[in-house]
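> The following block contains the structure, expressed as structure tokens.
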Amino acid sequence: MLQKPLNVYWKKKNSMLDFQQLVGIVKPIIGEAGTDEKSTPKAILVTAADLKKVCIELNQNPATYFDMLSCLTGIDNGTQANTMEVVYNLYSIPFNHHLMLKVTLPRENPEVDSVSDIWRTANWHERETAEMFGVKFNGHPDPRKLLLPADWEGHPLRKDYQHQEKYRDVIVKY
Amino acid sequence: MESEPNKFREDGLRSEEMIINLGPQHPSTHGVLRLEVLMDGEIIKEVVPHLGYLHRCFEKHAENLPYNQVIPFVDRLDYVASMNSEHVYAMGVERMLGMADQIPKRIEYIRVLVAELNRIASHFIAIGTYGMDIGAFTPFFWVMHDREHILRLLEWTCGARLLYNYIWIGGLYYDTPVGFEERCREFMNYIKPKLQELETVLIENEIFIQRTANVGVLPLDLAINYGVTGPMLRGSGLRFDLRKVDGYSVYPELDFTVPIGEGKKGTVGDCWDRTWVRMQEIHESVKIIEQCLEKLLKEHKRTKEFDPHALLPKKIRPQAQDFYVRGETPKGELGFFFRADGTSDIPFRCKARSCSFSNLSVLPEISRGVLVADLIATIGSVDMVMGEVDR
């Protein structure tokens, strides 16, 4: 889904939308939106089921035009909270909009739709998040491990991660 | 089970196809990048990068260290441009603490000065090794020789040649040594004719143009969709530089332009354009450094009372929040995503969004249907540092 780049200089800031207007644009899809205004950039809380639709809308809508996915990452909130999050940092080059999307997932079998057909940046970022947190990205075109060896056990960035004792007869603990 | 199995299997191939393994130990892959290349005769059908040979668990380490102790690890991400990474990281934590606007001007100017010196050093490596990849040996020695001057200057400030730990949260390790600004100015006068020479010998060289023009063309829409930033994105023709867009630190007070690829020798976004953009950026960095020196010698002079440690926070404990900060390093947009929980001095989560990682991910797209020699030329023009790709 390649977009025609809007060839504008970064000075075109007069058509910038503020956060409330951005929330208004996704309101028809997610209903009463939860927000987190303490974070930088300000965040919209999205459910895993709505995420793909929200991303397509934000990407395709000519008023928002989020053509770049800056960062995609996971967060493990630990066994106490028993939740996990996937955080999307969107950026719109022509309008200089920043936006954060947060999806909260259960810690057992976390699943969310892949956005790699909207922004291909997501392809590698999702592979990394999948191996590090054990989040499953549905519809990912290439779900292999990226940084870890293919036969590595466990998801290292989970808070309760215990590394394996030996990897290929080499002691892991240093 | 293999530890790093190939994506393509031998038994699924047609008779004219074969798999060639490139790297991980090969000088033209700039570190430990391994490429699995599916060939049809001499033509490349598909390139599959295999990463992780330099994975050092930066993010896991950062979850176990106080904010200020993460800085040496940040150095080791992009180890040829550590000052730039440190600058972005320190800026992010300062903004989270709400002290970003209290930093004295002299500190900010020194930060920009050392960061731009390091940007020149990084671009020297990019251009020099790129020339060597495609057969030009002499310019590599020239730029390494000139880079040595920069490393000596930076060593003088903090004692380390590559991994500085110089920019601290809220200040600096030391003020610049006495005589540093004068020596910097001497170096700037020395380097300017050298740059002209380098441009004539390498960039405008007919052999170099033949090898790089119209090779590895990266269209702008593809670049944005892949999150490509830095000289690669500018080489594709978009005037997008975070130093101008976000205007962080003292960059708004400095006068410099943002060069973009114009397709002078071929198509917009080819390997030549990317190298040319880097070359022009060195000229811009020289301009910035000269302005910084002017300010550091006149307006924000060294005084006895000036203490770069004065604002160092005793306790770095940001309020509970999620924070994404980004800045322009020589390779592109370096971002840090923090989650602070508000109760500890340790980041709950610290993710590094590295520019080399996203820039490299576009490689399979732009190297289909070319010869192996062109693939080498394309890898060199990406200018990735594997320490930053694998983190």
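The values are calculated or read from the model by the stated rules, or taken from the named source; none is laboratory data. The structure presented is a predicted model; accordingly, all values stated were derived computationally and were not measured. No Cβ is skipped: glycine too gets one built from the backbone with ideal geometry, and neighbour counts run over all protein chains shown.
> Restricting segment B:315-331 to residues that are within 11 Å of chain A (Cβ to nearest Cβ) and in a strand (DSSP E or B), which is surrounded by the most Cβ atoms within 10 Å (Cβ to Cβ)?
Out of the qualifying residues, it is B:Arg326.
> Which pairs have Cβ atoms under 8 Å, sit 6 or more apart or on different chains, and link a residue in segment A:34-61 that is surrounded by fewer than 18 Cβ atoms within 10 Å (Cβ to Cβ) to one that is among the charged types (D, E, K, R) and at pLDDT below 85?
Every condition considered, the pairs that remain are A:Leu45/A:Asp36.
> May I ask you to verify whether B:Thr157 is in a helix (DSSP H, G or I), touching a Pro at 6+ places or on another chain (Cβ under 9 Å) and among the polar types (S, T, N, Q)?
Answer is yes for this residue.
> Among (1) facing chain B (nearest Cβ under 8 Å); (2) touching a Ser or Thr at 6+ places or on another chain (Cβ under 9 Å), there is one condition A:Leu146 misses while meeting the rest; what is its number?
(2)
> Follow-up. Is it fair to say B:Gly92 is crowded, with 23+ Cβ neighbours inside 10 Å, more than 17 Å from the chain's Cα centre (by Cα) and within 13 Å of another protein chain (Cβ to nearest Cβ)?
Yes; evaluated as a whole, the condition is true for this residue.
> Check whether at least one residue in segment B:78-85 is within 22 Å of B:Cys158 (Cβ to Cβ), crowded, with 19+ Cβ neighbours inside 10 Å, away from chain A (no Cβ under 14 Å) and aromatic (Phe, Trp, Tyr), and report yes or no.
No - not one qualifying residue is present in segment B:78-85.
> Identify, please: which residue in segment B:1-20 is within 14 Å of chain A (Cβ to nearest Cβ) and out of contact with any strand residue (DSSP E or B) (no Cβ under 6 Å at 6 or more places or on another chain) and is, among those, surrounded by the fewest Cβ atoms within 10 Å (Cβ to Cβ)?
B:Met1
> Being more than 8 Å from chain B (Cβ to nearest Cβ), surrounded by 11 or more Cβ atoms within 10 Å (Cβ to Cβ), in contact with a helix residue (DSSP H, G or I) (Cβ under 7 Å, 6 or more places away or on another chain) and over 18 Å from B:Met1 (Cβ atoms) is the filter here, so list the residues in segment A:149-174 that pass it.
A:Arg158, A:Lys159, listed by residue number.
> What number of residues in segment A:69-83 are over 12 Å from the mean Cα position of the chain (by Cα) and either within 11 Å of another protein chain (Cβ to nearest Cβ) or more than 21 Å from A:His125 (Cα to Cα) (or both)?
Adding up the residues that qualify gives 7.
> So in segment B:178-223, with the set limited to residues that are basic (Lys, Arg) and under 30 Å from B:His300 (Cβ atoms), which one is surrounded by the fewest Cβ atoms within 10 Å (Cβ to Cβ)?
B:Lys192
> Next up: Checking B:His30 against (1) within 13 Å of chain A (Cβ to nearest Cβ); (2) within 30 Å of B:Ile127 (Cα to Cα): exactly one of these is not met. Which one?
Every condition holds for B:His30 apart from (1).
> Can B:Gly23 be described as crowded, with 18+ Cβ neighbours inside 10 Å, of a type outside the set (Ser, Thr, Tyr) and free of Cβ contacts under 8 Å to residues at least 40 places away in the same chain?
Taking the combined requirement at face value, the residue satisfies it.
> Can you name the number of the only condition in (1) closer than 25 Å to B:Ile224 by Cα; (2) buried (at least 21 other Cβ atoms within 10 Å of the Cβ); (3) away from chain B (no Cβ under 12 Å) that A:Val135 fails?
(1)
> Can you confirm whether B:Asp374 is under 21 Å from B:Gly235 (Cβ atoms), of a type in the set (Asp, Glu) and not in a loop (DSSP other than H, G, I, E, B)?
For B:Asp374, the condition - under 21 Å from B:Gly235 (Cβ atoms), of a type in the set (Asp, Glu) and not in a loop (DSSP other than H, G, I, E, B) - is met.
> Moving to a separate point now. Select from segment B:51-62 the residues that are outside any loop (DSSP other than H, G, I, E, B), facing chain A (nearest Cβ under 9 Å) and either within 21 Å of the chain's Cα centre (by Cα) or surrounded by 17 or more Cβ atoms within 10 Å (Cβ to Cβ) (or both) and list them in ascending order.
Matches in segment B:51-62: B:Glu59 only.
> B:Arg243 fails exactly one of the following numbered conditions: (1) closer than 22 Å to B:Met83 by Cβ; (2) surrounded by fewer than 19 Cβ atoms within 10 Å (Cβ to Cβ). What is the number of that condition?
Unmet condition: (2).
> Also: Which count do you get for residues in segment A:84-93 that are facing another protein chain (nearest Cβ under 10 Å) and of a type outside the set (A, V, I, L, M)?
So the answer is 3.
> Next question. All but one of (1) among the polar types (S, T, N, Q); (2) modelled with pLDDT of 90 or more; (3) under 20 Å from A:Val26 (Cβ atoms) hold for A:Asn123, so report the exception by its number.
For A:Asn123, the failing item is (3).
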